[in-house]
Structure formats: C-alpha cells, structure tokens
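Any read-out appearing in this document is the output of simple, stated calculations on the displayed coordinates, not a laboratory observation. Everything numeric here is computed off the predicted structure, so don't read it as measured data. Neighbour counts run over all protein chains shown; Cβ positions are idealised from the backbone, glycine included.
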Amino acid sequence: MTTNETTASTSEGLNDIDGRIGELLHKMTFAEKVGQLTQINGSHGPIPEWMADDLRNGKVGSVLNEVNVDTANELQRISVEESRLRIPLMIGRDVIHGFKTVFPIPLGQAASWNPELVEKCARIAALEAAAAGINWTFAPMLDIGRDPRWGRVAETFGEDPFLSSAFGAAMVRGFQGDDLSEPGNIAACAKHFAGYGASESGRDYNTTSIPEVVLRNVHLPPFKAALDAGAATFMASFSDLNGVPASGNELLMKQILRKEWRFDGFVVSDWESISQLAVHGLTANDFDSASAAANAGVDMEMASSTYRDHLEALVAVGRVSQQQVDTMVANVLRAKFQLGLFDNPYTDPRRFPSWGNEDHLAAARQLALESVVLLKNENDALPLNPEELNSLAVIGPLSDDGYNQLGTWVFDCDQELSKTPLESIRELVGDSVEIRYARAMERSRSRDGEGFEEAIAIAKESDAILLFLGEESILSGEAHSRADIGLPGNQDEFIGKIANAAEDKPIVMILMAGRPLALESVVKKVDALMFAWHPGSMAGPALADLLFGKESPSGKLPATLPKVTGQIPIYYAMKNTGKPACPDTIIHIDEIGGEQASSGNVSYHLDAGYEPLYCFGHGLSYTSFEYANVRVSAPEISMGHSFAISADITNTGDLEAEEVVQLYLRDLVGNVTRPVRELKGFRRIRLRAGESATVTFELRTDDLAFCNREMEMVTEPGQFHAWIGGSSDTNSRTEFEIVENDNNHPHGE
Ligand code: GLC
C-alpha cells in the first residue's frame, strides 16, 4: 500500500468528513467501534504479537507513549494494511514544553507574557514530535494554578484566566497550525478538564470543591479559549469536582463542552481515570464506571479497559445507547480525518527539520531569556560587568546541571543539547574573569552541609557571588506536591552562611524551580534575585546574557509569590471582602497587645499581613519605565460598544529594554462580587533609552462580561476602575462607566 492510496474510503477530500464517518460507522462491527474508543500504552520496543493482533482486529484506536518513528510507522502499517477497515491510529505523547529541544516549563513560558513566541516554540515542538511519528500531544495544560504547593503548577500558565487563555490558544495554534492535515501539525489536547488546579491543599489528585460560578469565571475560560483556537481534543481530569469526578461529569462533558460550547472533537480520559470512578466511589465497579463515563461523554479511554470489557453489555441492557457509542466513535474518527491520517498515516522523518537544530535552540534561548523575572536588584548588583570583576564565584547545585534545568515532563529530551549557566558564563567572560565554582550541595534537597565550606571559601575570595539554587526538577510535576514551599533542604541555612561570609560583596541568587516559592526568609540576605523557573535546554546562554546585561530582564510573574506557605491561596484577583486590610489597619504579631481589642479587625494574618512577597505581573528591568496619562476614550461607554484605554510609557533609564504593559479592570459592583482587579490586556513593547510610546487597548463591553449567579454571562452597567502599569499593584488608574445602550449616550464608538 503506498501512502497516497486511500484507505477506508474514497478520498474526495476533507470537505465530506461526516459523510466518510457515516460510511465507516455503517461498516463497523460493535467491537471495531469500541476499538476506536480504546487507547493502549506503547511497548517501548518491538511490537508484541498480542498488540499486533489487536491492531489487526481493529481493537485499538490509539497508542500513547510510542516515540520511535519506525515503531510508530509499523503500528500504523498493521492498522492500515492488515485490518479490515484500515483505520489509522492516533499516536499520543506528552509534548508539554518541547520534545528534544526543551523550552521553559509552561509556568516559565507564561512569565514571558509573549504568546507569539510561545506559539513559535509549540510549532517547533510539534515538528520535532511529528518526526518521531507522534500526531497528538496531551497539551496545553490549562488548569489555573493558584496553589503553588501543587506539583503540577509547573505545567500551568499561572493563576490568571486571561493570561492562561492567551497562552493556551497560542499553544494550540502552534501545535495544530492552520491545517491539521499538514505533516508536522499535531492534534492538541486541552487538559485537564476541569478544575484540577483547585486540588485541596495543593495535594495532587485531591478533591476539588468549586462553586459553579467560580468554575465558570476562573477555571473554564482557558479551555474555551483553546476550543475557540480549534483544539482537536480535550482530556478529562482525574479530580473529583463537587462530588462528581470529571471523567463521569455530565455538567462538564455534556452541558458545557457539547451543548454550550458546541465542541465537535473528542474527549480522552486521563490515565485510568474511568476505572478510578469506582475508587472515588462514584460507581461500584468497572461496569458502572464505563456507563458513567460513556453517558457523560468521555469518548476515548486511556490505559484502562472498561469500555473494551463492558460497553457491549451496557448497550445490550440499555444502560448506554448505540447512538451514544456511534457519537463517541464519530468524534474520534473526525479527528483522524482532520489529521489527514486516512490519506497519510505514515511519517517520513526526512521531511522534518533535525532535532535540536540551531533555529530550535535559538527559539529556546529567546523564550528562556524572556521568561526570567528579576524580582530584586539592589546596590547595583546587576548587571555584572566583567571589566569590574577579577573573580566570580558560581555556586549551587543548579549552576551546572543540564538535566535539572529542564524541568518536569522531559522524557524525550536530548540532554546533550543543554547548556548550563556555568558553561555559558565561562564562555561569555573568557579569560577576563576567574570563575570559581562550587556545587555546595549534592541536590537542592540535601540536608548535610558537606559542601558548604568549599563554597564559603570561594565566596570569601571572589569579587561577586552567583547562587544557583531552588528546586531540582523532580520536586514538581505530577504527584510531586510540597506542603512547605520554602527552599528545599537546608538552602536557607546555606544562604545565611554565604551572606555572613560575603561581607559587602554582591550576592545574586538565581532560582530555578517548578513553582512559586516562599522566600521571605532569604530575600533580605541577597542583593539581587532572579526567578528562572526551569528554563530548559538554553538556560545557560539566556541567564549569562541577562546576568551580564547583554539583554535586560523582561519577565513578569504569572503567579503570586507568597511570603510564607501559610498565606496560600493568595492571588492578585482576590475579592475585596467586607473588611479589607490596608497598612494602617493591621497589627503585627510582635506588636499586638495582650488584651482583647476590636481594632485591626480586617482580613490579614498577624504574622504575614495581607500582601504577597511579590505580586502577579511583577518584574524589574535594568532600566525604568514611567507610566502616565492613563485614559479612556470616553467617560461613559454604551453597552455593546467598543472603547479604548491608553497610557503613555517612557523608558526613563539609560538602557534599551522590553516592558510588558498590563491593563487591569475592576467592576465595582456585580450580581456576584467581583475581583479587586482583573487582567484584561497586555502587550510586550521595546523602548530605547528615553523613548516614549502610547499603548492602547481596544475593548468592547462584552470583554467585561462575567458569569452571574444565574450562570449567565453578562456585562452589567456601572462604574469601573482601570489601571495600566508594569504589574498588578500599579497605581496609575482611571475610571469610566458602562451605561445601558440608549441613544442619549452616543459615546463609545
Ligand atoms: C498523566 C497525566 C496527564 C498525561 C497522561 C498521559 O497521568 O495526568 O496529564 O497527559 O497521564 O501521560
């Protein structure tokens, strides 16, 4: 069979997909239908005979975790040439932030506030994965990450629905391209639908209790954005959502996804999440689990076999309708037709760019560079000037660790591509500065102090000190949550020793981590602090360029950094409460008197106040930006009309640099209480020293809509505040009013 011959039916092109699906469904036996709803794990080696037989008998619709192109082609060949109906396979893999070339973890990518660049990098990831025979990635992960104890916050785009929506849509576009049937485009998968990020206490797989109005206002928008961007598939979450685990949840899978959003792709379960419905206690056994999941609308079963084992009996006794099964099969077949697999199931790796080529690495370097957030920079610690240094101490377990700098979900990485900070710093300074290196500890979670003395010694004798600390990659990701998000091991103690030894020499700490960390105990001990997340293959060149001022840091926090773990959950888009705190209403635990008093009865912690260490959207530069003249196109905007909010920004420093200009709005009164601020726009701009620019955000009143207590998306008339600035705590504010649309208010257009 050559690749240009048709397989299951005539090839009058993709424009009659439903006709071709109908033809196929008509021919399929029930067992072949169930086969399309079954995803099995790859063999990671030669194809076992039982698997080949299952493929021949049409018992498999998809294989995941097969990354050898020859094996993938052989799986396709058996399915297409040796089965009765010759239906090709979806070959799925977690291509989360790169394949061979590794980009920053998604949380780090979000810190770039550059969706266009993230789209470009997703495109590269798709090409590298497609060359291995993969045609489906289980990404983007769109859970909202507001609890950094949760290990999977590393995979999120942070705490904000608007920012996560922008990145989710960008990643879908990058993976899928304009035409999903083009070789090199792979199907995206919006996961984990939905609300998984609200796992109680940040403990992975834990219960989530989310009022529907919060589900719709906070957790669902990124999934809708991914769907609007054309995401071909969704993945059901493991989590129990308000007592009904997602994999059996009709509100999610039928009411929202199908009836309200009109999704026509397919939903895959998470790994064994259908059989886990009995573990949750939603069902009593696999038979009931298959019934619950099929009737909810989970189309394909990953890894477990409740559909294969029980769907026929469920249809026979009327628990699941034949129509429902046909709909599920049609959803899967539609994706396969859209992918062009019936006409071109095979992969020719020669058609694709080489893995880890210089263009791919250049993109990884740029995204890593833009993802680094400069949190603190005092005493002119940064940028470093090689001409002013004779020696530089490079200390810490993440200075020179080409694997741990990659982050979680890197099973397919090519570690040989990694360039570490130590390597790149040495390359950048050459012989002009003596580099003294000490690992100081075996791992970020080490608790012995064996390497401390050597590190302290080189700190004492060097002109400046770089500390590469944080979390190794295994401390975040799936099932790797932490109850205390301070620095692991005894890094705090170590930093104190270095601070004592360094006297007046600058100490710059560069943190790599898979989550926001609670840094109150250490931030005072260093002069400068960079947060690099896990920056990926090109961590070294990106960080060296930033540390030595080849480029100014421009990243902004996509998630709040608390002072201490006990403040969690703490995020910028909080509600005002009835007793909001402010600086002069709070009393510190050390100052509070002994007798009961009613003063200070506001919303805060005696031992942590009410503010984070660093807020959402925060990020410094080597220059400074001034915001002025925040203004709205009209003081009153008629409902349904468009309007504009602008500000003038000036680079008031002496270095050209990039700034992420952010727009926040507050709806002062609502049918349900509204957040004190909500991100409604952002733009990355580059300004030369002294240069000014006006940034204008075009909006419509629909952009201010929210889900009210009747579960309707509404924009209500009333007063709004608007801010444009360089972080979520900016004070540069204006205000406007939305008025009902009557002819006496011609404003707005
Ligand atoms: C995992 C994850 C999911 C992933 C899937 C396949 O358990 O929850 O994100 O895509 O299994 O690896």
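Sort 232-241, 649-658 by the packing proxy (mean of other Cβ within 10 Å over each peptide's residues), most packed first. Write down the numbers at each step before the final one.
Working: 232-241: 26.2, 649-658: 17.8.
The most tightly packed comes first, giving 232-241, 649-658.
The residues packed around Asn379, meaning those with a beta-carbon under 14 Å from its beta-carbon, carry a net charge of -3 if Lys and Arg are +1 and Asp and Glu are -1. Cross-link partners of Lys254 among lysines, defined as those whose alpha carbon lies under 30 angstrom from its own and excluding same-chain residues fewer than eight positions apart: Lys27, Lys33, Lys59, Lys191, Lys224, Lys336, Lys680. The angle between the Cα long axis of helix 17-27 and the longest principal axis of the Cα atoms of the chain comes to about 50 degrees, rounded to the nearest 10. The alpha carbons of the chain occupy a box of 78, 70, 54 Å along the principal axes, longest dimension given first. Grouping the Cα pair distances of region 625-739 into 10 Å bins from zero gives a pair-distance distribution of 14, 44, 28, 11, 3, 0 percent in increasing distance order. Note: relative contact order over the chain, using C-alpha pairs below 8 Å and six or more positions apart, is 13 percent. Normalised Debye scattering of region 446-532 at q = 0.15 Å⁻¹ gives log10 I(q)/I(0) of -0.55, counting only Cα atoms as equal scatterers and leaving out solvent.
Using equal-weight Cα scatterers in the Debye expression, the normalised intensity of region 358-547 in log10 at q = 0.17, 0.20 Å⁻¹ is -1.10, -1.54. For the pair region 155-203 / region 272-320, the C-alpha centres are spaced 26 Å from each other. Among the GluC sites (Glu not before Pro) within region 472-524, those in coil by DSSP and having at most 12 neighbouring Cβ atoms inside 10 Å are Glu503. Between 0 and 90 degrees, rounded to the nearest ten: what's the tilt of helix 322-338 against the longest Cα principal axis of the chain? Helix 322-338 sits at roughly 60 degrees to that axis. Of interest is the spacing of the C-alpha centroids, which for region 530-599 and region 381-441 amounts to 26 Å.
Taking Cα atoms only, the orientation of helix 161-176 departs from the longest principal axis of the chain by about 50 degrees. When the helices of the chain are scored as -39500 (n - 2.57) per DSSP H run of n ≥ 4 and the total is divided over every residue, the value at 222 nm lands at -7500 deg cm²/dmol. Exposure proxy for Leu277, Leu25: other Cβ atoms within 10 Å of each Cβ, ordered fewest to most, give Leu25, Leu277.
A Cβ-based charge dipole, computed about the Cα centre of the chain with Lys and Arg at +1 and Asp and Glu at -1, lands at about 1140 debye. Taking every alpha-carbon pair under 8 Å whose residues sit at least 6 apart, region 625-739 reaches a relative contact order of 35 percent.
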